[in-house]
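Remarks on the structure that follows.
The values are calculated or read from the model by the stated rules, or taken from the named source; none is laboratory data. Keep in mind that what you see is a predicted model, and the values were worked out from it rather than measured. Here Cβ is always computed from backbone atoms with ideal geometry, including for glycine, and neighbour counts include all displayed protein chains. Each accessible area value is taken on the protein alone, full model and side chains, heavy atoms only, with ligands, DNA and RNA left out. Shrake-Rupley method; radii C 1.70, N 1.55, O 1.52, S 1.80 Å.
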Amino acid sequence: MATIKFGALGFDKFYNVINGELKETAATRHSINPATSDPNPEVPLSTPIDVEEAIAAARAAFPGWAKTQWVARRDAILQFAGALEKNTDDFATLLTREQGKPPQIALGEIANGIRWLRGIANLDLPSEVVNKDATTQIVIKYVPLGVSVAIVPWNYPVMLACGKIAASLLTGNSIILKVSPFTPYCGLKMAELAQSFFPAGVFQALSGDDRLGPWLTSHPGIDKISFTGSTATGKKVMESASKNLTRVTLELGGNDAAIVCSDADIDSAVPKIATLSFLNSGQICVAIKRVYVHESIYNEFRDKIVAYTRSIQVGVEKDAFMGPLQNKVQYDRVQEHLDDIKRQNYHVPTGNHDFQTVGYFINPTIVDNPADDSRIVQEEPFGPILPLLSWSNEEEVIRRANSSCMGLGASVWSTDPGVAARIAEHLEAGSVWINSHLDIEPNIPFAGHKSSGIGCEWGVEGLKGFCNIKAIYFKQDMP
Ligand code: NAD
């Protein structure tokens, strides 16, 4: 297919990036702007030939990149981060157009993408030396796996990609970024931008439809799959990877509980809990999705969070907080939850859903004390619906919070550090916060328990996921 010459980074044409070149495909596709339903620009529709070319280039580039000094790899990632920063406004505008998040939230995601590139690039993974006895020294090394594939979802297409790109490239792997069909634009543009800083084939990107992911995950030329997405797709990825024993890291769904204790600072907790539930229209794996409020403060907490939720600005204007749902499938899924809530006759103190005709907008919705076995409590809605549930007994609320097959995040809200720590200790989740939620950092490992994932990303532990372990035993006979 046609190869395009690099020029100034334009934000209206989009290409695959294969072996250091911009490539068009015979057929193309596009997504739509979820706020307006307008079509976005055309993007490549990759074929198995594009996949073969990208994998061959990634394999050819791998040995040279693996031999490149750690500090030189770090430097290249930091230069790429700097270039992304210079283009922040264009990337944020594009992100709003493809993902739907309002301008301020889009700027925040680009800033976080840059922070993740830098935060991970500045990590180290030195060899470890173990002296067994006077004659044996063992050196434990972390060596790159080869060709990695980063598969990202549509909710945070920039930031989640940046975490994978930095960790894979820093540890000496080449990487192929597979963008989501719903949000392909920023990822393709980031790969285009990156070509000035990495040798050909080291950082590539492919766009396509639903066939592209399985082509990559089942390919014997791939050594590592770093996947972020739903639990259902994660299972398929693992099945596909099993054929070649390809390494996998799975960052999957969540159904995070927040436990609000009787002594919580209600006025401080309410805006934080609402924000961390409705941010990105609730389309965050680790958003608060269930709030258990102690019965002694339940009514006050409910009334205050309802009032706060009514003040949330919905739209894509400059100061809006909550944009539309990202796509029709997700919009319909959230509508199904709303229908079920209506059918069950649950009390919905706020959430008017009849106000928009264009775009996938749904107002933030609070559900007042639905049943524990209701759909909205049991399933991840991945949308702006938050159930409040009343509790009275500590042991019982811990059991209810843990009674999910998910285990991504959880939080405890209390002014008593001892009580908060005691409850936190018993919560089954990869990240547990006290008086906070969703406070993530690039140097801290992020992992899901139970069906929320396998392995972890970010932090030094995340780097290890892109490496094989090699133990070298040095033996010297005593004279
Ligand atoms: P999804 O699983 O539908 O898609 C994720 C990615 O996988 C997309 O790029 C998609 O094209 C690709 N894909 C689809 N089928 C595939 C297959 N058979 N083989 C390989 N790749 C395939 O998820 P989504 O709807 O894009 O994202 C929402 C989900 O992601 C939610 O469940 C959310 O909780 C989860 N998520 C998890 C994290 C985390 O870090 N744990 C972060 C963000 C989102």
- Rounded to whole Hz, the Karplus (6.51, -1.76, 1.60) HN-Hα couplings of the range 282-288, x for glycine and proline: x, 8, 9, 4, 10, 6, 6
- Task: Hey, can you grab everything whose amide H is under 5 Å from the amide H of Leu325? Only 5+ residues off in sequence or another chain; H modelled, so Pro and N-termini drop out.
- Result: Tyr360, Phe361, Ile362
- Please quote Rg/Rh for the range 415-479 to two decimal places, taking the Kirkwood radius as Rh and restricting both calculations to Cα atoms. 1.24
- In whole Hz, what ³J(HN,Hα) sequence does the range 113-120 give by Karplus (6.51, -1.76, 1.60; θ = phi - 60°), x for Gly and Pro? x, 5, 5, 6, 4, 5, x, 7
- Please state, to two decimals, what the Cα-based radius of gyration of the range 256-441 comes to when divided by 2.2 N^0.38 Å (N = residues). 0.97
- How much length is gained if the chain between Asn87 and Asp263 is pulled fully straight, taking 0.36 nm per residue apart and subtracting their Cα-Cα distance, in nm to one decimal? 58.8 nm
- Message: I need the peptides 168-175, 33-40, 54-61 ranked by packing, meaning the mean over residues of other C-beta atoms within 10 angstrom, with the highest value on top.
- Response: 168-175, 54-61, 33-40
- Note on the structure: Taking only Cα atoms of the range 252-363, the Rg to Rh ratio with Kirkwood Rh works out at 0.96
- Query: For a paramagnetic label modelled at 7 Å from the Cα of Ser196 toward its Cβ, which residues of the range 101-145 fall within the zone defined by backbone nitrogen distances under 18 Å?
  - Reply: 114, 118
- Quick one: putting +1 on the C-beta of Lys and Arg, -1 on the C-beta of Asp and Glu, what dipole do you get for the range 256-441 around its Cα centre, in Debye to the nearest 20? 500
- Amide H proximity to Leu408 below 5 Å, modelled H, separation 5+ or other chain, gives Asn255, Gly430, His449
- Query: Using the alpha-carbon atoms, what tilt in degrees (0 to 90, nearest 10) does helix 328-343 show relative to the longest principal axis of the chain?
  - Reply: 20
- Which order do peptides 402-412, 64-74 fall in by mean Cβ count within 10 Å, highest first? 402-412, 64-74
- Message: Can you give the local net charge around Thr68? Use residues other than it whose beta-carbon is closer than 15 angstrom to its beta-carbon, Lys and Arg +1, Asp and Glu -1.
- Response: +2
- Ellipticity estimate at 222 nm from DSSP helix runs (n ≥ 4, -39,500 (n - 2.57)) divided over the chain, nearest 500: -11500 deg cm²/dmol
- Exceeding the 25 Å Cα-Cα cut-off - candidates Lys67/Lys470; Lys178/Lys289; Lys13/Lys178: Lys178/Lys289
- When the Kirkwood hydrodynamic radius is evaluated over all pairs of different C-alpha atoms of the range 302-381, what value in angstrom, to one decimal, is obtained? 13.6
- Task: Report Phe382's accessible area, 1.4 Å probe, all protein chains in place, as a number in Å² to the nearest 10.
- Result: 30
- With the range 205-309 reduced to its Cα atoms and the Debye formula applied, log10 I(q)/I(0) at q = 0.11, 0.15, 0.16, 0.20 1/Å amounts to -0.53, -0.70, -0.74, -0.95
- ³J(HN,Hα) computed for each position of the range 295-303 - Karplus, 6.51 cos²θ - 1.76 cosθ + 1.60, integer Hz, glycine/proline x: 4, 5, 10, 4, 5, 5, 4, 4, 4
- Note on the structure: A chain fully extended from Val358 to Lys67 at 0.36 nm per residue, minus the present Cα-Cα distance, gains in nm 99.5 nm
- Query: What is the percent of Cα-Cα separations in the chain that go past 35 Å?
  - Reply: 34
- Message: Over 5 Å intervals from 0, what percent of Cα-Cα pairs in the range 125-252 sits in each interval?
- Response: 2, 11, 20, 21, 18, 10, 6, 5, 4, 2, 1, 0
- Mean Cβ count within 10 Å, highest first, over the residues of peptides 116-124, 338-346, 316-324: 116-124, 316-324, 338-346
- Give me the distance in nm between label points sitting 7 Å out from Cα along the Cα-to-Cβ direction at Asn435 and Ile312, one decimal. 2.4
- Could you calculate the FRET efficiency of Ser127 with Gln104 from 1/(1 + (r/R0)^6), where r is the beta carbon distance between them and R0 is 51 Å, rounded to 0.05? 0.70
- Query: Amide H to amide H, which residues 5 or more places from Arg29 or on other chains are under 5 Å from it, using H placed in the peptide plane?
  - Reply: Val43, Leu45
- Task: Report the FRET efficiency, 1/(1 + (r/R0)^6), for Arg59 and Asn393, where r is their Cβ-Cβ distance and R0 is 45 Å, rounded to 0.05.
- Result: 0.20
- Task: At a Cα cut-off below 13 Å, give the aspartates and glutamates reachable from Lys101, other chains included and same-chain residues fewer than 8 away excluded.
- Result: Glu109, Glu317, Asp319
